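What follows is a short report on a single structure.
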Amino acid sequence: MVNWITSVKSFRWWLVAIVVMMVLPFIVPPSFLRICIMANFMAIFAMSWDMMSGYTGYVSFGHPFLIGLAGYVSAMLSHQGGFQPPHIVLPLYVTMPLGIAAAVGGGMLFFLPSMRVRGPYFSLISLAFLMILSRIMIAAGAMTGGDRGLTSLPYLVTGAVNNYWLSTGIMFAVAIGLWLVARSDVGHVLKAIRMDEDVVESSGLSTYRFKRFAFILSAITAGIGGVFYTHYMGSISPAGAFDYIFLLNIIVSTVVGGMGTILGPIFGGYFITFFTESTRTLLEGAWRFMAYSLVALAIVYFRPGGFYGIVHDIAAWFRAKRRGGLQYDQVT
Amino acid sequence: MTRLLEVKGLTKRFGGVVAVNDLNFHVDDGEILGLMGPNGAGKTTAFNLIMGDYKPDAGQISFKGQDLGPLQTYERVKLGIARTYQIPRPYHDLPVIEDLRISTVPDSITRCLRGKKRNIEEVEQIGIGVGLKDRLMKYPHELSLGDLRRVELAKSIATDPKLIMLDEIFAGLTVHEINELTELLMEKKKAGLVFIVVSHDLKALAAVIDRAVVIQFGHLIAEGTYEEIAHDKKVKKAYFGM
Amino acid sequence: MLALAQSIAINGALLSGLYALISLGFTMIYGVGRVLNLAHAAYVMLGGYVYFYCLQVVGIPEPLSMLIAIAVCAGASLATYVGLVRRYMSNPTIVFVSTFILALVINYLVVLIWGMETKNVWPVVAGVTQFMGQTISNNLLCTLIVSWVCISGVLLFVRKTHMGRAMRALAMDRKGAIVSGINPDRVNLLTWTIAGALAGIAGIFFGSYTYLVPSMWHMPMVMSFAIVIIGGLGSIEGTLIASHIVGYMQTTTTLAIDERLRGVFALIIMIIVLVVRPKGLFGK
């Protein structure tokens, strides 16, 4: 009974968020919903990055690699022609799982060796492979459409409202799944790895086993986001999938929201998407990216804990004031 | 008495420096062994080699008759070896109880995902057992050095080991704290735990150890009871240069 | 065939020298502070553009233009350390993310000031020399000489001077070095400055060896990652040797196999090194 109450209590913020998201389509115009759709995808990508980097401290610069690989594989297999035989066109329910599998397989092949080694190796390698993959995708023009990428891909659903429901559903499914992992002992160990990996190893835990699990979860999430995003947009190109700004958006969303949390990246994804959308008309081209990079830099520098950190500090302060002293359920 | 840990011909070089040089010693079931030597003698390196933090250049370490050579650190811990760090290494963002709990988490993803924080009572008992009863909710920066050493000890106990290696556990503590810790070790010894205690300070260990080995420049120079080594010429020379 | 081999030999030596200049700074910063500066390769680009601007737009004499370019890069590197990195030395995640964003800031700065079009930089030294039946531009030879003078300078500095020894001490045993009275902040300040200057020098010659374009920092960045991983992070000797492995491999790929595959083989070696000898060829 007590257990049941505590689990409802820990779910309460999810319930609030879900209710707000359910009401939204009835009160805002489709143009607003389109921004929400982008924000949902950014939230998925940010959660994926956070599962790997925010929790364990192994900073990945390769998430566009995972996302792009998933998107490209699904796009190439479902594309209605344009490239040479064998002329395979597969339905989406086949190509999308294959895309996700490609993200996991490709990620494990290229990134996992570097995770056996401590230190910044993982980060360097992930960035290096991101650049190489984008070169390969451009070079393999016959398959991938080269610089221009692949267009007129099949959609899953059409219309702003339907896509809103779809992306919101996926986003919450991913979020709750990751949250259940994060609040279990797995999340606990991953955070400990970020703080002192040697000590975790001395506690009789294979840190590699936990890092690998976090990576696979992250890659699955990135793959899910990648395939759904590709078939929402109906196109994929190197400029969209492998651009640094895309990578920057993912990382900044997480950092702004709060690393090592699940709600943080969701909030950050929404914040960053609405922020960039609202500056679209104010500044142009390089100026906008410049301003955006500088703002991102300022946030990382002055508030590395993100909004989650701020809210958490304030809430803890109030509770401590009310009850006088810390309680067990507050510190975990 | 059965042989628990056996170190044979252990050698480790860092660049041109030989940190541990053809070292031989063993620990039997039911005893507390002092591993002594002046600063820089290679004691901590020997610990790190036993834990698998480095690979030795030569030599063999066996535990309960099993060769540790191919095993990773976490596998050695699962066999029943634990260690504390000379400079305590708590997780800076976790309160003591959560810190300790990491040591009891099963090394399996599926078992971690099933059930949440089952082992909290067990961890509490271990924390209380080392005298941290009223400090389980505190963060590392709120604790004294003596308490941090207790946390280190509790963390190693929480891995359910047979052998614990304590690295300079008495250094920098007050006499009172040392006495309390000594009592604690004796209690744990009765419960069947085996210890290797490292110290550069001979006297601090007098009351604790059953037997001692003294090393200098990574080499064994004396072995015996405390009385024997305290009067050993080589040991005196190593410590006082006489 | 012989001509191709000679061409590979000469161009490879040149490219290796430039990569060594870039990677040395990158790895030295890691050695003394255990952080990596992802904006490092962006200074290479900055150096090239500043040199181009001073020499060909403003019309400042060549030696002075070089000095300005080098000073700007050294200053940028120093400012990165003081303004951005120093506060988060103990948090590599933040350093990673913030220096990566800084690289993009420099990228857009260059785009805003000089535009997206490619720019050709005049050769530092004009004319050609006949050598072993090959015609080599003096610019190439000059680049080769300068890079080796700089590399030797760094090696001499690290081995012979007090400050250089402090750097090595910090890289080998941080705690011990601090206990014996080395001020890590001062060593960091100097290391970041030197690293920036080396990147600036590399930028000047990179620009005149190829051309300037706002994406020119990508390849040096990836290659310096590969180099430090192959050579062993923080190892100066390893960096020198790995620079030549990667430099020659890249030249061979470009001239003899397929230009589009350049970089791929270096990354494959990097993965093999990681699997077989994770600490790099010379890592400790």
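The values are calculated or read from the model by the stated rules, or taken from the named source; none is laboratory data. Just so we're clear, the structure is a prediction, and the values are computed from it rather than from any experiment. Heads up, the Cβs are rebuilt from the backbone with ideal geometry, glycines too, and the neighbour counts pull from every protein chain shown. Ligands, DNA and RNA are stripped out before the accessible areas are found, and what is left, the full protein with its side chains, is counted by its heavy atoms. Shrake-Rupley method; radii C 1.70, N 1.55, O 1.52, S 1.80 Å.
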If you go through segment A:132-155, how many residues are in a helix (DSSP H, G or I) and surrounded by 21 or more Cβ atoms within 10 Å (Cβ to Cβ)? 3
Residues of segment B:98-110 being touching a residue at least 40 places away in the same chain (Cβ under 8 Å) and surrounded by fewer than 23 Cβ atoms within 10 Å (Cβ to Cβ), which ones? B:104
Could you list all residues from segment A:194-231 that are open to solvent by less than 30 Å² (accessible area, probe 1.4 Å), within 30 Å of residue A:92 (Cβ to Cβ) and either away from chain B (no Cβ under 11 Å) or among the basic types (Lys, Arg) (or both)? A:215, A:218, A:219, A:221, A:222, A:223, A:225, A:226, A:227, A:230, A:231
If a residue must be open to solvent by 10 Å² or more (accessible area, probe 1.4 Å), assigned to a helix (DSSP H, G or I) and aliphatic (A, V, I, L, M), how many such residues does segment C:201-217 contain? 1
May I ask you to verify whether residue A:260 is away from chain C (no Cβ under 14 Å) and open to solvent by less than 20 Å² (accessible area, probe 1.4 Å)? no
Residues that are closer than 30 Å to residue B:128 by Cα: list the helices (runs of 4 or more DSSP H) wholly contained in segment B:154-240 that include at least 3 such residues. B:175-190, B:202-205
For residue B:84: the one exception among (1) open to solvent by 10 Å² or more (accessible area, probe 1.4 Å); (2) more than 8 Å from chain A (Cβ to nearest Cβ); (3) under 30 Å from residue A:184 (Cα atoms); (4) in contact with a Leu (Cβ under 9 Å, 6 or more places away or on another chain): (1)
So, in segment A:156-186, of the ones that are facing chain B (nearest Cβ under 9 Å) and open to solvent by less than 20 Å² (accessible area, probe 1.4 Å), which residue ends up farthest from the chain's Cα centre (by Cα)? A:185
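For (1) over 15 Å from the mean Cα position of the chain (by Cα); (2) modelled with pLDDT under 90, each residue gets a yes or a no:
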residue: C:156; (1), (2): yes, no
residue: C:169; (1), (2): yes, yes
residue: C:180; (1), (2): yes, yes
residue: C:186; (1), (2): yes, no
residue: C:200; (1), (2): no, no
residue: C:205; (1), (2): no, no
Among what's in segment A:266-290 and is in contact (Cβ under 8 Å) with a residue 40 or more places away in the chain and within 14 Å of another protein chain (Cβ to nearest Cβ), pick the residue that is nearest to residue C:218 (Cα to Cα). A:289
Which of the residues belonging to segment A:281-323 are β-branched (Val, Ile, Thr) and either open to solvent by less than 40 Å² (accessible area, probe 1.4 Å) or under 24 Å from residue C:93 (Cβ atoms) (or both)? A:295, A:299, A:300, A:310, A:311, A:314
Candidate set from segment C:105-120 (those that are in a loop (DSSP other than H, G, I, E, B) and more than 17 Å from residue C:62 (Cα to Cα)); member that is least open to solvent (accessible area, probe 1.4 Å): C:115
Among the listed residues C:184, C:220, C:123, which satisfies the condition of being out of contact with any Phe, Trp or Tyr (no Cβ under 6 Å at 6 or more places or on another chain), within 15 Å of residue C:49 (Cα to Cα) and surrounded by 15 or more Cβ atoms within 10 Å (Cβ to Cβ)? C:123
Could you grab me the full set of residues in segment A:112-140 that are more than 7 Å from every other protein chain (Cβ to nearest Cβ) and of a type in the set (Ser, Thr, Tyr)? A:126, A:134
